[in-house]
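Report on the structure given below.
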Amino acid sequence: MDISYPINIYKAHFMKIFTFPGGIHPEYCKDISIREPLREGALPHTAVIPLSQHIGAPNAAVVKKGDVVEEGALLGKSDSFVSSPVHSSISGKVIDVKKAFNPSIGPVESVFIERDETKEPKKYGERETAEVPPKELIEIVRSAGIVGMGGAAFPTHVKLTIPEGKKIETLIINGAECEPYLTCDHVLMIRNTQALLDSIDILIKILEPKKVYIAIEDNKKAAVFAFQKALKKSSNKCAPIAEIAVLKTKYPQGGEKQIIKAITGEEVPPGGLPLDIGFLVMNVGTVNAVYDAVRFRKPLIERIVTISGDCLYRPGNYLIRVGTTIKEIVENYGIELFKEPGKIIVGGPMMGFAQPSMDAPVLKSTSGILFLSGEGAQVFDEGPCVKCAKCVDVCPVRLIPTEIMKNVRAENWEDAEKLYVEDCIECGACAYSCPARIPLVHYIKEGKSFAMRKK
Ligand code: SF4
Ligand code: SF4
């Protein structure tokens, strides 16, 4: 289906544009994929589904080799509250349960399912949801295995369970999509605008916020227009309290703390959470998954993934089943790699993970797969710090990356901690700006892991 849009109708000059201090303007490269139609990816012949795809306790398998499973069947679960179950993305036979490569955390226990090619994709019937109480809605979200789809993969039911004494005043729907190359959220916002508004109504029922912002960067004019149009004639409960916040295109605009600061001027205290100051930020992909779970009782088994880079003929956005390996995408989607990629990245180029092989499967949190050559794939030699302070200027959290790096190199862990290393959001803006090509995020991650081990 064509998703071309009436870009001229957008009237940006009537709207206030929000932003945050610091940040960078990398080459965005979004044109490569945004004008392509959304395509349905072929079902995988063998799905490789990691039992841990989230922050929190790992799942234990509830299936074994030889079991026959239907699409949507439970594959793994945990009794821990901070965890999220995983489900089968296809119907077929379990051919193995063993360690396999998870593209963001390395080898984890995974279920291998060989697809039964005689089975049609499952149809999910619509359910009436108006009378479902908030607690039950959260339980539906938990059972469907929904996690943050913007990259963090934090279990959504945990985020929606507000502790006693706390209150969400403001809900921010995060459609910033500030990472270069990625356009999956943009496509989703254009195609599923009404479903997203319906899902915001579900979230309002759970959280009872006074205000909702739909936050979109100003390079996604079609998405801004789609929401403007939908809200204008909307009978949704969210319409009277929802406002579109157009954000300046700047990286990392989509960070939770940056988006709150940009729109409202409020700051989450160091070491704190948005919840501490009455905010909840949710990625649009996650909001869409909440809708599918509540309206259709559909678990999180597929998502839109941006396939992009400078090595392929058919970049674009594809609806892909969780567990589909990069190898199957390359072989079966007709994307035609016309040159050998120097680097394959899962996620965006700033925060994504370079892959050592094509065996990595699509996860619930996989927003993009990039096949890059040239500068995008270059590895640079590290030089000495020239004390230019560029890393300090761009840090959106106002850290001093160069000082943290020096302390970590010298193993002065406590001093790194005193520089609030734990508040780093690992956005990579500092390393991107460093003329000496110092891998600052690598050092900062080391400092963070020391601080976390102490707890
Ligand atoms: S120190 Fe952390 S938050 Fe600051 S720019 Fe570097 S990676 Fe981003
Ligand atoms: S940007 Fe790089 S060279 Fe400049 S102060 Fe920071 S670490 Fe040093």
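Laboratory data are not the source of any read-out in this text; all were calculated from the coordinates shown. Just so it is clear, the model here is predicted, and its values are computed rather than measured. Here Cβ is always computed from backbone atoms with ideal geometry, including for glycine, and neighbour counts include all displayed protein chains.
Along segment 431-445 the Karplus relation, 6.51 cos²θ - 1.76 cosθ + 1.60 evaluated at θ = phi - 60°, assigns HN-Hα couplings of 5, 4, 8, 6, x, 8, 6, 6, x, 4, 5, 4, 5, 5, 4 Hz to successive residues, with x for each Gly and Pro. Cβ-Cβ distance of Glu70 and Phe380, R₀ of 45 Å, FRET efficiency by 1/(1 + (r/R0)^6): the value works out to about 0.40. Residues Lys159, Lys205, Lys343, Lys119, ranked from the fewest to the most other C-beta atoms within 10 Å, line up as Lys119, Lys205, Lys343, Lys159. Converting phi to 3J(HN,Hα) with the Karplus coefficients 6.51, -1.76 and 1.60 and the offset θ = phi - 60°, segment 210-218 yields 8, 9, 10, 10, 9, 9, 9, 5, 6 Hz in sequence order, with x at every glycine or proline. As a length-normalised measure over Cα pairs under 8 Å and 6 or more apart, the relative contact order of segment 191-285 settles at 27 percent.
Lys-Lys pairs in segment 390-454 that are eight or more residues apart or on separate chains and whose Cα atoms lie under 16 Å of each other come to 8. When a/c reaches 1.5 or more, the comparison of a/b and b/c decides; with that in mind, is the chain rounded, prolate or oblate per its Cα gyration tensor? The shape class here is rounded.
Around the amide H of Leu75, modelled in the peptide plane, lie the amide H atoms of Val86, His87, Ser88, all under 5 Å away and 5 or more residues distant in sequence or on another chain. Let me know the shape class of segment 356-455, please: from the alpha-carbon gyration tensor, a ≥ b ≥ c as square roots of the eigenvalues, rounded when a/c is under 1.5, otherwise prolate if a/b is greater than b/c, or oblate. It is oblate, given that a/c is not under 1.5 and a/b is not larger than b/c. By the Kirkwood approach, averaging reciprocal distances over each pair of separate Cα atoms, segment 255-401 gets a hydrodynamic radius of 18.3 Å. Over the chain, Cα pairs under 8 Å with separation of 6+ residues give a relative contact order of 19 percent. Taking every DSSP bridge with both residues inside the chain, close to 60 percent are antiparallel.
Relative contact order for segment 169-327: 31 percent, from Cα pairs under 8 Å spaced at least 6 residues apart, divided by residue count. Computing FRET efficiency as 1/(1 + (r/R0)^6) for Lys327 and Leu273, where r is the C-beta to C-beta distance and R0 is 45 Å, gives about 0.70.
By the Cβ rule of 4.7 Å, the chain holds the following cysteines without a possible disulfide partner: Cys29, Cys178, Cys184, Cys238, Cys311, Cys385, Cys388, Cys395, Cys424, Cys427, Cys434.
May I ask you to list the residues of segment 308-325 whose amide nitrogen lies under 19 Å from a point 7 Å from Cα along the Cα→beta-carbon direction of Ser373? Zone members listed by number: 308-316.
Counting beta carbons within 10 Å around each of Met405, Met282 and listing the fewest first gives the order Met282, Met405. Label segment 223-269 by shape, choosing from rounded, prolate and oblate, from the square roots a ≥ b ≥ c of the eigenvalues of the Cα gyration tensor; if a/c is under 1.5 it is rounded, and otherwise prolate applies when a/b is larger than b/c, oblate when it is not. Oblate. Listed from fewest to most Cβ neighbours within 10 Å, the set Val69, Val111 follows the order Val69, Val111. Could you pull out the pairs from Lys167/Lys248; Lys64/Lys364; Lys122/Lys159; Lys123/Lys250; Lys77/Lys248 whose alpha carbons sit more than 31 Å apart here? Violating the 31 Å limit, Cα to Cα: Lys123/Lys250; Lys77/Lys248.
Computed from phi, the 3J(HN,Hα) profile of segment 393-408 under the Karplus parametrisation 6.51, -1.76, 1.60 (θ = phi - 60°) reads 4, 8, 5, x, 9, 6, 8, 10, x, 5, 5, 4, 4, 4, 5, 5 Hz, with x in place of Gly and Pro.
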